[in-house]
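Here's the structure, in structure tokens; my notes come after.
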Amino acid sequence: MKIRTIIIILTLGIFAGCKNVNQKIEYPVVANIKLTKTLLAVTVVADSLRVPWDIQFLDDHQIIYTEIAGQISKLNLQTGERKLLYNVPDVYQKRTLGLLGMCLSPNMKENPYVFISYTTKTSEDVFSKLVRLTLENDTLVNPEVLHTIPGSTGHNGARLTFAKDGKLLWATGDAHSKTFAQDSTSLNGKILRMNIDGSVPADNPIPGSLVYAWGFRNMQGLTVSDKGVIYTSEHGDAIEDEVNLIKPQQNYGWPQIEGMHDLPEEIAIAKKHQRTEPIRSWTPVIAPSGLKYYNSATIPEWKNSLLLVTLKSQSLRQLKLSDDGQTITDELVFLEKQFGRIRAVTVSPSGDVYLATSNQDWNPQPGFPKPNDDRILKLSPVKKAVHKPFIGVKPTTEKGNVVDGLTLYNSYCESCHKPDGKGVANVFPPLAGAEQVIGEPKKLIDIVLGGLSGEITVKGNKYDQQMPTFNFLKDEELAKILTYVRSNFGNRSSEISATEISKQRK
């Protein structure tokens with residue numbers, strides 16, 4: 001009797017164990033999104049990460065993702081299991097530098113390659129590396145350096161993807177150079193096109209060169225449509241964040257032209273030398289990041305759209321495309337400021353959308369990071385809402401609609417210097433009590449008209465983060481924003497008039 005009882009218990013235990021092994025993990029629903037007909041659930045599939053910079057699908061239920069400090073890991077979506085595949089030994093991580101873009105070979109069975117872009121550093125200089133790794137027995141081995149190009153303290157790009165024809169594309173930053181983007185012999189500020197081994201394709205537009213298109217500042221997203229159209233997202237300076245449609249041997253203008261050809265000097269340059277405008281730009285900036293083409297029937301409202309995630313505006317944006325994919329016809333903003341900065345977006349083979357937050361990075365926004373940041377989120381259709389659904393809204397931050405000092409500050413300064421004017425320690429200087437702010441107006445006016453580059457000391461602390469020029473703002477707008485800064489955050493300095501700014505501008 002006792003033996004029979006033991007056998008029954010063991011048998012039940014075996015079946016129970018099998019059930020637990022095969023049972024899919026239930027992820028928590030943290031939000032819902034209501035589209036025209038489709039209801040989406042937002043679930044957390046991974047948390048407690050450190051700045052996941054890129055996420056790619058290995059198969060239907062496995063994601064490979066990077067973290068900025070150099071880790072490449074695999075996530076099993078059915079079990080929740082995470083496995084470290086590789087730790088980049090020579091990565092240099094500081095602020096926006098580190099392990100950045102990643103893509104997988106289109107045919108992992110035939111060519112089991114994972115391509116990564118990351119920054120590294122010698123005793124003096126920063127470089128960006130493109131490396132090919134081989135996926136073998138659940139680990140990454142045999143790192144092969146395909147290319148090494150100049151890097152910098154920022155503007156290193158970088159995203160990777162494969163074109164429709166199987167060629168590898170690498171979007172590189174201008175490395176803070178004033179000349180690289182317009183120098184067709186440099187590999188910075190470019191879309192580079194190459195074979196899977198890093199060599200130059202015979203049909204590249206410039207014989208013997210990897211350069212496919214040029215004139216870029218700091219691309220943060222790269223994707224290819226089902227029809228083979230290439231799109232990028234790019235950080236502007238203080239204005240004109242961009243989405244570009246990439247064509248071979250086209251010049252996209254930076255640094256002589258930023259965004260649309262709408263200033264007299266930009267129009268003159270474009271008339272004399274052919275330049276290509278973006279298909280969408282934003283002023284004030286939204287800090288666009290990851291970009292992914294969507295064309296699945298799983299979320300029919302998003303078919304033939306670009307899905308763009310942003311850092312400053314902390315949102316997911318649907319950019320509806322025309323039938324030929326040449327223009328953006330509509331834009332909707334989702335989840336603004338609900339999950340903080342969003343760095344990456346991808347689409348599963350079944351058509352679900354996955355996002356990765358970036359709240360553990362160098363520039364967290366108010367209220368972030370949360371205790372369980374950073375997270376990978378899944379957006380998928382459901383029949384019933386758990387939370388009050390969010391809906392898509394039209395963008396409101398368009399050029400020219402700001403009128404008062406606070407609104408101007410929030411549009412152009414708040415992301416870096418924060419709502420309380422205290423900045424970010426060791427990165428962005430405080431405005432509260434800063435000698436450059438509360439002193440003679442001339443010094444502050446010079447800074448906003450000319451920008452900053454190089455080391456600066458504020459309240460006894462040194463900072464070395466570049467600041468763009470804001471000379472594109474009208475005298476009246478600059479007067480309002482500077483007066484706001486000088487009269488808030490505990491500052492009690494005099495107003496600055498539009499006349500004072502006009503005199504110094506001349």
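Just so you know, all these numbers are worked out from the coordinates, no wet-lab data involved. Since the model is a prediction, treat every value here as computed from it, not as a measurement. Positions of Cβ are backbone-derived with ideal geometry, glycine not excepted, and every protein chain shown enters the neighbour counts.
General remarks:
- Taking amide H as placed 1.01 Å from N in the peptide plane, Arg280 has its amide H under 5 Å from the amide H of Val243, each at least 5 places away in sequence or on another chain.
- Ranked by how many other beta carbons lie within 10 Å on average, peptides 261-274, 109-122, 324-337 from highest: 109-122, 324-337, 261-274
- Residue-by-residue Karplus 3J(HN,Hα) for region 102-110, coefficients 6.51, -1.76, 1.60, Hz, glycine and proline x: 8, 8, 10, 4, x, 10, 5, 6, 7
- In a reduced charge model with +1 at each Lys and Arg Cβ and -1 at each Asp and Glu Cβ, the chain shows a dipole moment near 1340 debye about its Cα centre.
- By the beta-carbon count within 10 Å of each Cβ, the least crowded to most crowded order of Ser358, Ser322, Ser411, fewest first, is Ser322, Ser411, Ser358.
- For region 78-198, a/c is not less than 1.5, where a ≥ b ≥ c are the root eigenvalues of the C-alpha gyration tensor, and a/b does not top b/c. That puts it in the oblate class.
- Straight Cα distances below 24 angstrom link Lys418 to the lysines Lys94, Lys312, Lys337, Lys370, Lys399, Lys442, Lys443, Lys459, Lys462, Lys474, Lys480, with same-chain residues fewer than 8 positions distant left out.
- Between Thr357, Gly98, Pro264, the Cα set farthest toward the positive side of the dipole of the chain (charges on each charged residue's Cβ, about the Cα centre) is that of Thr357.
- For region 123-139, Karplus couplings with θ = phi - 60° (6.51, -1.76, 1.60), whole Hz, Gly/Pro x: 5, 10, 10, 9, 10, 10, 10, 10, 10, 10, 10, 10, 7, 8, 6, 6, 8
- Ordering Arg317, Arg132 by the number of other Cβ atoms within 10 Å of each residue's own Cβ, fewest first, gives Arg132, Arg317.
- Converting phi to 3J(HN,Hα) with the Karplus coefficients 6.51, -1.76 and 1.60 and the offset θ = phi - 60°, region 183-188 yields 8, 5, 8, 8, 9, 9 Hz in sequence order, with x at every glycine or proline.
- Charge context of Asp373, other residues only, Cβ under 12 angstrom, K/R +1, D/E -1: +2
- Under 5 Å, built H, 5+ apart or other chain: amide partners of Leu452: Met467
- Angle of helix 475-486 to the longest C-alpha principal axis of the chain, folded into 0 to 90 degrees and rounded to 10: 70°.
- Cβ-based exposure ranking for Leu99, Leu452, Leu187, in which fewest neighbours within 10 Å come first: Leu452, Leu187, Leu99
- In this calculation the C-beta distance from Thr153 to Ser184 is compared with R0 = 25 Å, giving a FRET efficiency of 0.50.
- Averaging the Cα positions of each part gives two centres, and for region 275-308 and region 211-252 these lie 12 Å apart.
- Against the chain, whose longest principal axis comes from its Cα atoms, helix 441-450 is set at around 60 degrees.
- Near Leu222, the amide H atoms lying under 5 Å from its own belong to Ser233, Leu291; only residues 5 or more places off or on other chains count, and H is placed 1.01 Å from N.
- Taking every DSSP beta bridge that has both ends in the chain, the antiparallel portion is near 95%.
- Electrostatic tally near Lys121: other residues with Cβ closer than 10 Å to its Cβ, Lys and Arg +1, Asp and Glu -1, net -2.
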